[in-house]
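Data first, discussion second: the structure below is written as structure tokens.
Nothing in this text is a laboratory measurement; each read-out follows from the coordinates by a stated rule. All values derive from a computational prediction rather than experimental measurement. Cβ: placed from backbone, ideal geometry, glycine included. Neighbour counts: every protein chain shown.
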């Protein structure tokens with residue numbers, strides 16, 4: 001016996017966890033085991049799913065009206081103008097890979113003889129399997145999208161979406177299979193791109209058939225001025 | 001009343017960072033989830049704090065969850081309820097450190113007396129109700145007390161006036177019977 005014995009969670013244990021009666025120390029161990037154990041997650045989902053109808057016995061209770069705005073304030077703090085250094089400090093804390101991708105887009109626009117009146121917009125769209133950087137040129141209205149990591153499956157396309165506060169995602173187009181895609185941003189999106197979130201999903205060849213995302217969200221990134 | 005497909009669509013949009021969808025999801029589901037946290041925590045300000053945490057988690061976890069709700073074995077509402085319950089249970093267990101003083105246990109026991117059980121039987125309308133009905137009334141009520149009120153083994157043992165270990169043996173047996181019954185529907 002070289003490995004520390006790992007606890008076997010029988011069905012009654014999983015039920016005890018779902019019910020909430022599992023003693024606290026055991027509960028913490030179970031929670032830790034859940035993280036990397038897909039089969040255990042599924043067994044728990046099964047109990048949760050079966051138990052959930054019991055909440056039909058509860059009478060709905062409206063939370064106080066200000067609670068939503070408190071939650072929103074926490075999740076979406078009002079964007080304040082911050083210096084580039086502060087932003088870099090924040091991003092430095094992100095993954096090294098993300099930072100490398102960011103550095104590429106931060107440096108690149110500065111090398112170009114860009115007009116000075118408008119601040120360039122950049123985003124790093126990141127997820128487990130992709131890293132894509134994007135920089136927006138407000139003068140010619142193009143988005144330069146550069147793939148650092150990630151490849152679509154044979155019958156799929158990566159589709160890029162703009163999500164502005166309080167709006168449904170709007171497609172900007174699908175990425176070409178090569179490294180770089182230049183996308184002409186539709187007129188309606190130009191005004192909302194600053195401060196929005198960019199997201200990439202995988203979609204059937206040619207893009208989402210519905211006009212709304214149908215695939216997996218592979219990564220997201222905030223559009224920031226630099 | 002919003003249907004499960006609509007909730008699922010809202011969660012999928014929340015996963016993409018759509019704030020309007022988050023707002024709509026909150027409007028559609030917060031009364032339900034607040035009833036869950038309030039019932040377990042029996043304290044308004046704690047229940048409100050817990051609800052905040054729940055929706056922060058919903059926002060943060062939607063991306064990993066939304067693309068494959070079905071693959072994970074959850075219906076959207078059961079997913080939301082499980083987040084609300086786990087948040088409340090973790091809080092209450094932490095607060096009490098597994099130890100409950102006797103007066104508190106009695107208060108909670110009183111609050112889940114019989115009239116409640118009648119309401120429950122009226123509104124449980126799925127397999128779980130059918131299967132709970134196959135258990136002795138006491139044992140079915142222990143399952144409900146644990147699930148709805150967040151009662152611990154200590155509290156249940158107090159309520160049913162049995163030793164802690166006996167309570168655990170009871171409940172684990174009840175769970176296995178429930179599982180057999182729930183699987184028998186297939």
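Legend: mean number of C-beta atoms from other chains within 10 angstrom of residue C-beta atoms, peptide B:4-17, equals 3.
For the peptide A:64-75, the mean number of other protein chain Cβ atoms found within 10 angstrom of a residue's Cβ is 5.
If each residue of separation counts as 0.36 nm, what is the full-extension length gain between residue A:128 and residue A:154 once their alpha-carbon separation is subtracted?
On the way: separation 26, 0.36 × 26 = 9.36 nm, distance 1.93 nm.
Gain on stretching residue A:128 to residue A:154: 7.4 nm.
Could you list B:18, A:140, A:10 in order of exposure, starting from the residue whose Cβ has the fewest other Cβ atoms within 10 Å?
Values: B:18 27, A:140 9, A:10 13.
Listing B:18, A:140, A:10 from fewest to most nearby Cβ atoms yields A:140, A:10, B:18.
Shielding of peptide B:80-92 by partners, expressed as the average count of other chain Cβ atoms within 10 Å per residue Cβ, is 4.
Averaging Cα coordinates gives a centre for the range B:14-40 and one for the range A:1-77; these two points are 17 Å apart. The distance between label points at residue A:188 and residue B:136 comes to 6.6 nm (points 7 Å beyond Cα on the Cα→Cβ vector).
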